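Presented below is the structure to which this report refers.
The values are calculated or read from the model by the stated rules, or taken from the named source; none is laboratory data. For clarity, every value in this text was computed on a predicted model and none was experimentally measured. Every residue, glycine as well, gets a Cβ built from its backbone with ideal geometry; the counts of neighbours run over all protein chains shown. Surface accessibility is based on the protein's heavy atoms, side chains included, excluding ligands, DNA and RNA. Shrake-Rupley method; radii C 1.70, N 1.55, O 1.52, S 1.80 Å.
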Amino acid sequence: MEPLPFARLADPLQMAAAQWSAATLAAQTLLTRGLGAAAIAATQRQRYDTLVAHARLHSPFYRRRWRRLPAGVPALVDLPVVTKQELMAAFDDWCTDRAIDARNVAQFLGARAHIGERYRGRYVVWTSSGTTGTPGVFVQDEAALAAYDALVSVQLTGSAFAECDWPAALAQGGRAALVTADCDHFASIASWRRVAHGKPWLDMRSFAVTLPLPDIVAGLNAYRPAFIASYPTVLALLADEQAAGRLHLRPAALWAGGEVLSRATHDAIENAFGCPVINEYGASECLTIGYGCREGSLHVNSDWAIVEPVDRDHRPTPPGELSHTVLLTNLANRVQPIVRYDLGDRVRAATGRCACGSPLPAIQVEGRCDDVVALTARDGTIVRLVPLALTTVVEEAADVHRFQIVQRAADCLALRFGAADRARAAGPALRALRAYLDRQGLRNVAVLLDERNPRPDPRDGKLRCVVALARR
Ligand SMILES: [Zn+2]
């Protein structure tokens with residue numbers, strides 16, 4: 001086997017250059033946004049032209065897809081829509097660096113010790129979990145990483161951070177904690193480790209979401225983070241622990257992403273911790289698509305990403321109406337161009353300008369909406385499990401991406417698979433779920449195989465991966 005083409009740690013000169021580049025981009029982004037909507041639109045247009053010209057020249061996939069279009073840079077609406085299935089099937093041809101190949105990337109991803117490290121010494125790679133179908137593999141170049149870093153810096157100056165208690169953050173050493181699925185190269189943990197490798201002076205720690213809640217609580221109490229980032233369902237559980245007096249943190253700000261954050265959950269988390277919750281809208285295809293403001297809107301980083309709410313036939317959905325899906329164009333990453341990509345989220349564009357005064361377009365997202373499952377242990381204790389932990393356990397054990405965990409009773413879970421996966425995946429998934437429940441003190445909870453296929457909720461048509469008893 002040939003040696004893997006990646007460096008264990010980034011070169012210090014490369015690190016310094018990357019930080020300088022992110023700082024410059026953050027300053028440029030603030031300046032552009034300060035000039036208003038026309039300047040943002042002009043920046044978007046310039047980045048779009050550069051991206052499309054680059055993709056046409058260097059990506060055989062896009063060259064083929066766009067071969068019947070006029071020469072030059074076509075208008076966005078004239079470009080065909082692409083899907084994850086198509087891009088993954090044409091992986092090598094999709095990438096604009098001809099040295100990248102799917103086999104080699106898979107070899108890199110096979111080593112879990114390398115999460116967040118550089119592939120070929122220059123790229124960061126992450127996978128999407130694929131609970132909604134095909135898993136994705138996304139390669140990010142230096143320019144994209146600098147843009148994502150810049151957007152985080154820009155967010156820190158936004159209205160959502162206005163109430164952040166910076167002296168409290170400094171008093172706690174600026175420690176930052178992430179509670180997430182850390183068993184594979186997922187975008188959140190890969191990005192976290194990349195920043196930790198690149199900025200060793202920052203105090204950052206991650207906690208596995210699959211740990212029993214009391215262990216996460218004990219870990220956070222001992223670490224005393226000033227910032228905590230996680231999924232809304234996890235932050236809501238932590239908020240209950242804080243309110244019950246088992247968790248006693250004084251965070252300066254919390255970061256929520258990866259799932260829809262409702263206004264009620266947002267407010268409950270803020271009340272429990274007494275600090276702002278910043279809502280981030282991101283995806284493996286574009287790490288920071290938008291961020292929440294104090295008015296509860298999500299503002300699209302439209303100088304770095306284009307979000308088109310569309311109907312089933314990919315025609316624009318008018319503001320105020322819920323779209324069937326959104327088409328995403330990531331203007332930051334050139335190595336793997338995402339151009340009019342069907343992201344699958346349903347969004348509603350705002351009808352007017354947001355009261356916060358931001359010149360960026362505002363949207364509301366209806367995204368992942370899996371349930372938290374409350375199970376009863378033998379001694380009567382209620383143990384609540386977050387959907388991300390349950391799905392991670394099943395995916396990790398069975399390498400399966402189309403399944404459903406349905407709660408049948410206070411002490412019973414059933415697993416459903418697509419017919420094609422059932423025979424192969426059922427055994428490993430049931431064993432892994434059994435072991436996971438045992439670790440949570442839920443030995444009395446039964447885990448069964450349901451021979452039916454995963455089924456959408458009859459009321460809203462949504463296919464949830466995790467369905468709680470309360471919903472049924
Ligand atoms: Zn706003």
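Out of curiosity, is Asp421 surrounded by fewer than 19 Cβ atoms within 10 Å (Cβ to Cβ) and over 19 Å from Pro212 (Cα atoms)? Judged against the criteria, Asp421 is a match.
Note on region 263-297: among residues that are part of a helix (DSSP H, G or I) and either of a type outside the set (Gly, Ala, Ser) or within 16 Å of the ligand (Cβ to nearest atom) (or both), the one that is most open to solvent (accessible area, probe 1.4 Å) is Asn271. Counting residues in region 413-436 that are out of contact with any His (no Cβ under 9 Å at 6 or more places or on another chain), in contact (Cβ under 8 Å) with a residue 60 or more places away in the chain and not in a strand (DSSP E or B) gives one or more. Consider region 322-381 and keep the residues that are β-branched (Val, Ile, Thr) and more than 19 Å from Val260 (Cβ to Cβ). The one that is nearest to the ligand (Cβ to nearest atom) is Thr351.
Output yes when any residue across region 319-340 is among the β-branched types (Val, Ile, Thr), touching a Gly at 6+ places or on another chain (Cβ under 6 Å) and farther than 21 Å from Ser129 by Cα, and no when none is. Among the residues of region 319-340, not one is among the β-branched types (Val, Ile, Thr), touching a Gly at 6+ places or on another chain (Cβ under 6 Å) and farther than 21 Å from Ser129 by Cα, which makes the answer no. Taking residues in region 345-369 that are in contact (Cβ under 8 Å) with a residue 60 or more places away in the chain and open to solvent by 40 Å² or more (accessible area, probe 1.4 Å), and partners anywhere that are near the ligand (Cβ under 9 Å from one of its atoms) and of a type in the set (D, E, K, R), the pairs with Cβ atoms closer than 6 Å and at least 6 places apart or on different chains are Ala355/Glu295; Cys356/Arg294; Cys356/Glu295. Residues that are within 19 Å of Arg45 (Cα to Cα) and out of contact with any Leu (no Cβ under 8 Å at 6 or more places or on another chain) within region 63-94 comprise Pro70, Ala71, Gly72, Val73, Pro74, Ala75, Leu76, Val77, Pro80, listed in sequence order.
Looking only at residues in region 370-379 that are surrounded by 15 or more Cβ atoms within 10 Å (Cβ to Cβ) and charged (D, E, K, R), the one that is modelled with the lowest pLDDT is Asp370. Screening Val300 with (1) within 16 Å of the ligand (Cβ to nearest atom); (2) out of contact with any Ser or Thr (no Cβ under 8 Å at 6 or more places or on another chain); (3) under 24 Å from Ile278 (Cβ atoms); (4) open to solvent by 10 Å² or more (accessible area, probe 1.4 Å) gives one miss only, at (4). For Pro309, the stated conditions do not hold, so it cannot be described as open to solvent by 20 Å² or more (accessible area, probe 1.4 Å), at pLDDT 95 or above and not in a strand (DSSP E or B). Scanning region 71-125 for residues that are exposed (fewer than 13 other Cβ atoms within 10 Å of the Cβ) and polar (S, T, N, Q) returns a single hit, Gln85.
Selection over region 103-121 of residues that are among the hydrophobic types (A, V, I, L, M, F, W, C) and free of Cβ contacts under 8 Å to residues at least 40 places away in the same chain gives a count of 3. If the condition is being of a type in the set (A, V, I, L, M, F, W, C), under 15 Å from the mean Cα position of the chain (by Cα) and open to solvent by less than 40 Å² (accessible area, probe 1.4 Å), then region 184-207 contributes Phe186, Ala187, Ile189, Ala190.
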